[in-house]
Structures are given as C-alpha cells and as structure tokens.
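Contents: one structure, followed by commentary.
Here, each number is a calculation from the coordinates, and none is a lab measurement. Everything numeric here is computed off the predicted structure, so don't read it as measured data. Reconstructed Cβ throughout: ideal geometry from the backbone, glycine too, with neighbour counts over all protein chains shown.
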Amino acid sequence: MLTRLLALVVLVVAGNVRAESVLLDSIASRFDRQQPVRAEFTQEKRIAVLNRPLQSDGRFVYSPGHGILWHIDHPYRLTYLLTDSRVVEIGPDGRRHTRSGRDMPGLTQATRVLRAILGADVKRLAEHFNLSATGAPEHWTLLLVPRTPQLGSVLGKLQIQGGDYAENIDIEETQGGVTRIRFYHLRNAPLEADERALFESRE
Amino acid sequence: MNLMRRLWAVVALVCIAVVVLLANRLPLQTNLLALLPATERNPVAEQAVARLADTTSDQAVFLIEHSDPRIAKSAARHFANRLRDSKAFSAVLDVFPLPDPSTLVSYYRPYRFGLLAVSDRETLETGQMDVFQRLTRKLYRPFPIGPSASLADDPFGLFDDWLASLPLRSTRLEPDDGLLVSRNGNGVHVLVTAKLDGSAFDSKVQRRTLTAVEASETDTARRFTGVSLLRTGAVFYAAAARETAEKETDRIGLGSLAGIGILMLLMFRSPRPLLLAVLSVAVGLSVAIATVIGLHGELHLITLVFGASLIGEAVDYAIQFFAARAAAGPAWNPDAGLKKLLPGLGVALATSALCYGVLLLAPLPAIRQIALFALAGLTAAFATVVLWLPGMSQRPARQAQTPLFSMLGRALTAFRERLTPGLGLAAVLILLVITAPGWFYLRLDDDIRLLMHRPADLLAQEEIIRKSIGAVQENQFFLVEGKTQQQLLENEEKLTTRLRRMVTKGELAGWQAVSDFVPSQKHQAENLEAIRRHVSPDPRVTKKLLEDNGLTAETARKWLDELANAQEKKLTPDAWLLSPLSMPSRHLWLGNTGHSYAAVVAPSGFTDTAPLAAAMAGLPEVTFVDKAGSVSDLFAGLRRLGIGWLVVASALVWLVLSRRYGARPGLVTLAPTLVGMLIAPPVSALLGVPFSLFSVMALMLVLGIGVNYTIFLREGGDGNGAALAGVLASAATTLLSFGLLAFSSVSALHRFGTTLAIGIGAAVLLSPIALVKKRGPACA
C-alpha cells in the first residue's frame, strides 16, 4: 500500500507526469490491493493537557470492500471497526458502541478519508489533501494538507515518512499536539474468520 | 318583455366584455389547497399545515446524476450557475454551508453539562456507567469521527455522545466538496435547490421558471454528456396542471362545438339554428365565468375544465326551441311557440337548477364553484333562448319535414303503440339485473389525490429524488403546544420519549424536533444532576482518576470547576433560533401562535399512522395532523351524506314534475332517470372506476339533467319526429361533452364524466318508456 505512495513520491520528484501513471500501475500490480493488508502498530499521543505521552500498540487490518479493524492490545483492549456505514467501538468486555453513518453527517466522508490514508487510495487522497513530497527515494517525506476547512477541523496536517515502505505517520491534532503512528510488518494476508464475522455482522 | 330583452342584452354584453378582456389572463387558480376547506379542529393545526406548505411550495429541487462523481459535481455547479444567470430565482443553492463540526462544538460547549445522550443518561442512572472505561476510550481513540470535543472539555466523552445523537442529518445526503451528494450504486446524485421569485401558483412565475429551467438543463446536458437532470417542486406540478387543464378545456370545448355543429346542420339543414345556439352557449359561458370570477375572484382549473363540458348541456334549450320550430312547420309563430315550449324548458331548468343548487351547499369549495358556474351558465343560456331567440327566428323553418323527421315520427308512433307498462317494466328489470354484478366490483376511493393532476413523468422524477434524498413526509406531523416555551419543549420531550420506543420497535425511522437541539431547561437540569451524581459524586476521586490517567492537574481542576458552576448556563430556544445552526430546523418552530406556543415534530420513515396516533394518548397538547387523511375522511363523509341528499333531491324533483304532470305520471317521467342512477355505479365499477364523492356528485347531475330528456320527449307531443330528433340531439350533445370530460387526467373529473355519461345515457335510452299510455282494463 505504502509502496504506491512511494511510487507517487518518486514520480512527483522526478516530475514526469505521464510516466507516473504507468509506473503507479506497474507498482500497484505488484502489491495486491484486492487482498487484505495487515500490520502491527504503535501509537503515541502527545497533547498539551496530558502530563505524559499516551502510548498504545496493537494490530490493524484493512480489507478492501469492508473497512478497517483497529485492535489496540496495550495498555487496554479496544477494537474499532470502521466501515462506510458505521463506526463500532468494542470495549474490553465486548460491549459495543455503534455510531451509524446515517446519524452523523460527514461520518462516511471521514471514514473514507481514513481508509484512503490507511489503504493508500492515492486517487482519493488527492481529492481531499494537497500532497507535497520532499527527500529521496530511499527516505522520503510526504505532507498532506487538508483541502477543506471541514476536514481541517477534524484532522490537522499529516506527515508520512518512509523508505521501502511507510514507517511513520504523524498527525497534527487540531487541538494542539501530535499523534505518531509507526507501522511494522506490512503484509498481504487473508482475513481471519472472526475478523470477517466482525466486518459482516449487521449490527 | 322588451325591457327584459334589453336588460338581458346589457348583462350579456358586460359578461362577454369581461371574458374577452381577460381572455389571455384569466385568473386561474392552480393551487390544490385553495380547493379544500379547513379540516382541522385545531386552528393552529391549519396554520401549521399552511406554514409547512409555504416553506416547501416555492422551492424547486433538482438532482444531477452521473456515474462519475467529479462530472456530476461539475455539472451541478454549472447548472446552478446557469439558473442564477437566468434571474428567475431569488436564490439558488448548490453549495451548502456545511455544519462545521467545530462551530457545532463551540456553540454547545458552554452548555455541555446539561446535554446528555439518552443512552448515556440511562446508563448513568442505572449505575452502569464505567467511568474509567469511558476515559480510556476517549484517551486512546485513534482518530476522531465527526464532531467531537477536546479531551480537556470532555474527558468522559459524554458531550461527544450527545453531539453524535443530534439528528443533524435527516436525509441521505452527505456533504462532498461543499455540495450535497447522495451515493447510489451506479453513481452520484448532486442536489441543487432554488427558491422561486414569487408564488409557484402564479402563471408568470411558472412560465419564467420553466423557461429558465429548460434552458439551463439543455445547456448543461450539452456540456456534460451522460448527465441526467431530474426536477421536482410544486411549481412544476402547477404548471403541468395548468397546461393540461387548458388543453383539456380546448379539447372538450372544440369537440362539443364540432359535435353540435354537425348535429344541428344535419337536423335543421340551415345555419341559423346553429349560430343562434352557439350564441346562447357563448352568453351562458360568459355569464358563468364572469359570475364565478366576480364572486370568487378566480377560477379554479377544475371549474374551467368542467365548464367546457357544460356546453353540451347549455345548448339543449336552443335545440329544443328549434326542434319545436321545425315541428310547427309553416304554422310557426315565435311567441306562441315559445309559450308552448316554456313550461317544458322551465321544468327542465328547474330540475337542473335544483340539483346544482344542492351541490352549492356542499362544504367543499371545489364543488361549490362548479355548481355556481353551472347554475349561472344554464340560467343564462335559458334566458338567451327565451328572451332573444323568438325575436330572431320569426320565419318558420325552411325545411320542416325532412325525411329524417318523418322517419323518426313514424318510429315513435309505432313504438308507442307497442309499448305496454309490462314491457316497460320488463325492460327496466332486465337492465337492472344485467348490471347487478357490477355492484360486487364496487370499490371505494376517497383519496385526496382525486383532485390532483399528477403526470407520470413528474411523479417518477419526484420518486427518484425522494428516494435519493430520503426526504421527510411533509403533510403528516405532530403539532405540540404549550403555554410557555419551556412547557412546549417539555411536552415535545414527552412525545419524543414515546417516539424513541417506536423507533426501537421499527415502527418509525426517526423524527425532527426542536427539543433535540434545545432540551427543556428541566431536562438540562436533570442531566446536570445525573452527571454530578454518577460521574463525579466525589470531585476528589474524579480528580485523582483524571490525573492518574495522564491529565494534568490544571486540566482536571478546570473541568471540575466548570461542572460545579454549570447550572448558570442553560440553552434557550430564542438564542438558538438566532444562531445559523438552527437554520435547517427553524421551520419546525411556530412560536407564539396567539393561542399558545407551538412547534412541529416531524416523524419520518413510517408506513402506518395508527401507532403514531396511539403515541399521543395521554398527551392533550399533542395533535397528530394528517391533512391528506383529514381530507380523505371529509370526502368519505360527504360521499355518505351525499347519498342521503340524492334521495331528498329525487323527491324534490318528483314534486316539481308532479306540479306539471301529476303525481303518478310525474313518477313515470322520473323513472328512466332513476334507473339511470341505479345503473351508473355498477357499470362504472365494471369499467374500473372507483366510487367516490365525485360519483355521488355525478349521480346528482344525472338526476338533474337526465330527467330533462324525458321531459322534452313528453312535451314534444305524439308522433312528433322533430321532437324526438330534438331530444336525441340534445342528449347526444350532452353525452358528447360529458363523455369527453371522462377522458380528463384529473381523477375526479374522469370519474365524474364517466358516471355522468353512463347515467344520462341510460336515462335517455329509457326515456321513451315514459311515454307509455295508461292501458285500462277496456283495452286488449
């Protein structure tokens, strides 16, 4: 997924617009976007009102056509399920807290943006963000600035850094502070049975 | 007599002048609501209906559709710009000021301790809230979804939950690049709305709007291939109704006149009768139009279309006059002829006037206007025939005994010879029996849509737009009242608690109410109490909890201080109404109506209104308003009442006939019409026409008009071929007119015309039976 971002960065730097789409396509074909993508992550939040940084780690699964599963394993077990139509928070006791897209304007759009970021849907990212890249192919930084004030009031600027693959995502919080997410072991892997059940449950 | 003639000339000329002057600018009323009486017992409810109708009636809604979202959006913007350029609208909205999440949050932030989502309040009060878990969730939530408050303002996510519970979106539309968009399987629909520069029912506004819309659509479709544009709005229906009414009026009018022309030329072989007949009809219609416009100020479309079908009936008096002239042959004396004719014509007019007069009493303005039109028109035609025609037809008919008349005369004489009461009765019984099965097919239909003209393509577009937007039903809602604003809000909250239960049962999808955005102060106070008691019963414990989990001491202290002082800050409706956030819901707040404070709670996504009506039990200040349902109830009630009136009217008509012919002969004269009235409903039912108020109206007219033919036949004299020809011609013109009416696209008129044509047709066919001579025991 993030290799596609890499490709985009390389080509932005190279400045060759037509070759860009050709290369993007060839790289895309190497990375199977039809298959689910999974990784481990650590997340660190630093905001002004906190007396220490908040750290959590866990696993995430992105399944095209379904959505995103964000499992936090430490320090608490929390699971977030994001699909086009709803957001479900599942607490450690299994209690679910669902918010449906019908009740919240902009939920679907926000979810799509998040999925675009995590699933590297470059086309969709370009719709919502102004992209700019610096660095070299071995170590690049991509800056995403929200295009609309609505998006900007929810998500601040994003900065993605990587080499062979994206390693860090820094999200500037709108209320001051930074969230830093680091990904490990990005790979294609099929959905587990319980994951599929979660995605497909109608709750 | 001369004075009367001159007076009539003046009246007629004035009316004709009025009509000619207004020719292209007839004040036509295309608004359906103008036809309906006030049906709600609560005057505030009528106000609410009118208010809601006003907010939507001058809006035009467009949907631009394409499978590529980018093209759809560009096309929508282009279309909106074209609409703006046309200057036909006072406002065109494609870009919607998105409820900016941060504006929402900052507006409600000072009041947040009084705002709790229903589920949270329940969880708090049942002691099940795990405060620690709530804090954890807020801290570790990876990304915010939708409007949310900062950690410092809302460490337990209670305010977030309330914000999430706001019914901000009552539609399927979502913001996308500043436009409002709905996603379907095969593409994207973009919404554009426009506010008309005037009333949707004003013909100038209609023309301007349609021209602008069509030009913008063509231009947009040319620039962006594959784009489809849909439209809906009261203005399009009204314009279509006007166009159709004008076309139908032309068709019925021209058809009737053509039929009259052919018949009269065939019968009388001379242009004079035709010209004078047309004169009487023209005067009749002019007087009718002038009378209605004079008394009502406007003419409704339905009256116009019906008026055209009156031509066939109004011409009857002239036809009878000329038939009498033909029958008299060379011995024609206009004054004597008129004297002989007058009683018959008079009785005919009297019976028609009686029946239209009954209709004049109907509580439905639509029916009253039609009755007034008909009364004025028929009386005027009668007056013209009686006052002027004799003077203009001094000479006898040139071709008195045409072969046609002789043939008819012979047939009539032969028929009368053969006719016995028994034969007559048998014919009647056979007819009744044959049509009897039709009664089983009788279907009742009192729907308000009877009066509406709803073209299929506009309906289809409206359906697609509704599905795409997921729009709220506008004419069924709750009206909530209260003596004060706060009482009103509290009453709303009582109602919405019940509505919430209905949503969980699946009887309702949701609702829109002001109290969701501005809870009553009582409710806000209760929420605050719940938070204090269950979230932070001991501030020191809470402070420790917050600090242990990462918040700075200062942050924790600030939150606790704000909680402690929260009762000073309460949301009020007045303040909220002034904020731009209230714009989408402002139409629900009726404010001070003079009787009380009132607001509308608009439910959506229901199919059955019974549970909604049940939700009001025990809430005296809540009324469920269902204008369409009330009107349907009214129609049904009138239909039932009307049948009683039919009986009364029949008795009255018999009385009138008795004065002239005697009691028993009067009944015999009435018999064909009565049979016609009994046959029309089952035959209509067999033709698939449902029975409704308008069927009853039609039967009333079958009574008033059908009897005329039996009267004319009776008056014509024995063996009089010309009389029979006259009756047949009169009947033919009337049947032609009302038959053409049966092709109207307005349900009410279609059913009306069908029933009328069948009833009168039967009455005419059976009228010769009324000529039966009494057979005494002496005859064999």
* In whole Hz, with x marking every Gly and Pro, tabulate ³J(HN,Hα) for segment B:335-342 from phi via Karplus 6.51 cos²θ - 1.76 cosθ + 1.60, θ = phi - 60°. => 5, 5, x, 4, 4, 5, 7, 4
* Spin-label model distance (nm) - B:Ala436 vs A:Glu167, 7 Å beyond Cα toward Cβ -> 9.8
* **Shielding by partners - mean other protein chain Cβ count within 10 Å, residues of A:74-87** => 2
* If you find the alpha carbon centre of segment B:426-441 and of segment B:12-73, how far apart are they in angstrom? -> 44
* Asked: How about B:Lys73: which aspartates and glutamates have a C-alpha closer than 15 Å to its C-alpha, ignoring those fewer than 8 places off in the same chain?
  -> A:Glu127, B:Glu65, B:Asp94, B:Glu174, B:Asp176, B:Asp177, B:Glu217
* Which of the peptides B:67-80, B:262-275 is most tightly packed, and how do the rest follow, going by the mean number of other Cβ atoms within 10 Å of each residue? -> B:67-80, B:262-275
* Structure fact -> Per the C-alpha gyration tensor (a ≥ b ≥ c, the square roots of its eigenvalues), segment B:1-137 is rounded if a/c is under 1.5, else prolate if a/b beats b/c, else oblate; here it's oblate
* **Full-extension gain in nm, B:Val647 to B:Leu444, via 0.36 nm per residue minus C-alpha separation** => 71.1 nm
* Structure fact -> The alpha-carbon center of segment B:625-690 and that of segment B:272-306 are separated, in whole Å, by 26
* Excluding residues on the same chain fewer than 8 positions from B:Lys544, give the aspartates and glutamates whose Cα lies under 18 Å from its Cα. => B:Asp130, B:Asp153, B:Asp154, B:Glu554, B:Asp561, B:Glu562
* Asked: Can you tell me the Rg and Dmax of segment B:617-704, counting just the alpha carbons, in angstroms?
  -> 18.5, 62
* Inter-site label distance for B:Ser658 and B:Ala628 at 7 Å from Cα along Cβ, in nm -> 4.8
* Given the peptides A:83-93, B:499-509, A:65-75, arrange them by the average over their residues of other C-beta atoms within 10 Å, most packed first. => A:65-75, A:83-93, B:499-509
* For B:Met583 and B:Ala17, what does the FRET efficiency come to when R0 = 45 Å and r is the distance between their Cβ atoms, rounded to the nearest 0.05? -> 0.35
* Excluding same-chain residues fewer than 8 positions from B:Lys340, which lysines have a Cα within less than 23 Å of its Cα? -> B:Lys773
* Structure fact -> Computed for the protein assembly as shown: size of charge dipole around the Cα centre, +1 on C-beta of each Lys and Arg, -1 on C-beta of each Asp and Glu, debye to nearest 20, value 3640
* Per-residue [θ]222 nm for chain B (sum of -39500 (n - 2.57) over DSSP H runs n ≥ 4, rounded to 500) -> -20500 deg cm²/dmol
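With the convex hull built on the Cα atoms of segment B:554-597, state its orientation-averaged projected area in nm².
Average of the hull's projected areas for segment B:554-597 equals 4.9 nm².
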* Structure fact -> Descending packing, highest mean Cβ count within 10 Å first, for B:49-55, B:633-639 is B:633-639, B:49-55
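Stick to Cα atoms and the Kirkwood definition of Rh, then tell me Rg/Rh for segment B:324-410. Can you show the working numbers first?
Numbers: Rg = 17.2 Å, Rh = 15.1 Å.
Rg/Rh: 1.14.
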* Asked: Under Stokes-Einstein, with the Kirkwood radius over Cα pairs standing in for Rh, what whole-number D in µm²/s applies to segment B:594-749 at 25 °C and 0.890 mPa s?
  -> 125
* Mean shadow of segment B:6-47, computed from the convex hull of its alpha carbons, in nm²? -> 5.1
* Charge sum, other residues only, whose C-beta stays under 9 Å from B:Lys522's C-beta, Lys/Arg counted +1 and Asp/Glu -1 -> -3
* **Karplus (6.51, -1.76, 1.60) ³J(HN,Hα), θ = phi - 60°, over segment B:754-766, in Hz, Gly and Pro reported as x** => 4, 4, 4, 4, 5, x, 5, x, 5, 4, 5, 4, 8
* To do: Send over the Kirkwood Rh of segment B:462-578, from the inverse of the averaged 1/r over different Cα pairs, rounded to one decimal Å.
  => 17.7
* Asked: How far is helix B:2-22 tilted, in degrees, relative to the longest principal axis of the Cα atoms in chain B, given as a value from 0 to 90 rounded to the nearest 10?
  -> 40
* Asked: Can you pull the mean other chain C-beta count within 10 Å for peptide B:132-142?
  -> 6
* Average partner coverage of B:544-555, which counts Cβ from other chains inside 10 Å -> 3
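What percentage of all Cα-Cα pairs in segment B:159-290 are separated by more than 25 Å? Don't skip to the end; give the middle numbers.
Numbers: 5117 of 8646 pairs.
Cα-Cα pairs in segment B:159-290 separated by more than 25 Å: 59 percent.
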* **Length-normalised contact order of chain B in % [C-alpha pairs under 8 Å, at least 6 apart]** => 20
* **Cα convex hull of the protein assembly as shown - mean projected area over all directions, nm²** => 50.7
* Cα-only Debye scattering, segment B:385-461: base-10 log of I(q)/I(0) at q = 0.15 Å⁻¹ -> -0.84
* Once the Cα gyration tensor of segment B:211-359 is diagonalised, semi-axes √(5λ) in Å -> 46, 19, 10
* For chain B, what percent of Cα pairs sit more than 43 Å apart? -> 46
* Degrees between helix B:271-296 axis and first principal axis of chain B (Cα, 0 to 90, nearest 10) -> 30
* **Label-point separation in nm, B:Arg532 to A:Asp73, each point 7 Å along Cα→Cβ** => 4.6
* So, how do all the Cα-to-Cα distances of segment B:341-484 break down into 10 Å bins, in percent, from 0 on up? -> 7, 14, 20, 25, 17, 9, 7, 2, 0
